[in-house]
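The block underneath contains the structure these notes are about, expressed in C-alpha cells.
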C-alpha cells in the first residue's frame, strides 16, 4: 500500500468507510476505557474509596435482604427499570455466600483493559474463602456502579 512503511497498517478513522461496525465499536470502547484509566491514575485514592463504599453498601443491602437497595448499585438493566423477580432470585442465590459473612477484606485494586476491578476476600460462616472481583464503571453523573462480579472459591479455609 502506498505511503505505509513496512508492515504498518494505515490508520482508519471512526468515520471512514473502511471502519466496520465492530471495529468502530471496539475503538469507541477502547477510547472510553483509556479515559477511565487516565482518570483512575489521576485520582486513585478518592476513586477507590468511593468504589469500596459502593461495594460495602451493596453487601450490606444483601445482608438485610433488601434486593431493591442492592440492585441500586448496578446500572439500569436494558429495556426495564426493574429487575424481574426470577433474575433477582438468581442473583440473590449467587450472593448467598456473602450473607451471614464473617469477614470481608478489600484486596489490592487494579485496572484491567481500562476497567477498574476491586477484589474482595470474603470469609463465609463455614470458614470457606471466596475471592470476588467487582468490575466497576463510572456513570455519566460521576458515581460508580457495579457492572459485574465474578467469584472464585479458594482452596484455603479461614
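Between residue 121 and residue 106, the contour length at 0.36 nm per residue exceeds the alpha carbon distance by 4.8 nm. Between residue 50 and residue 153, the simple label model (points 7 Å from Cα in the Cβ direction) yields a spacing of 3.7 nm. Modelled spin labels at residue 66 and residue 135, positioned 7 Å past Cα toward Cβ, are 2.8 nm from each other.
Bear in mind these aren't lab numbers, they're just calculated from the coordinates by the rules spelled out. The structure displayed is predicted, hence computed values, not measured ones. Here the Cβ is made from the backbone with ideal geometry for all residues, glycine too, and neighbour counts use every protein chain on show.
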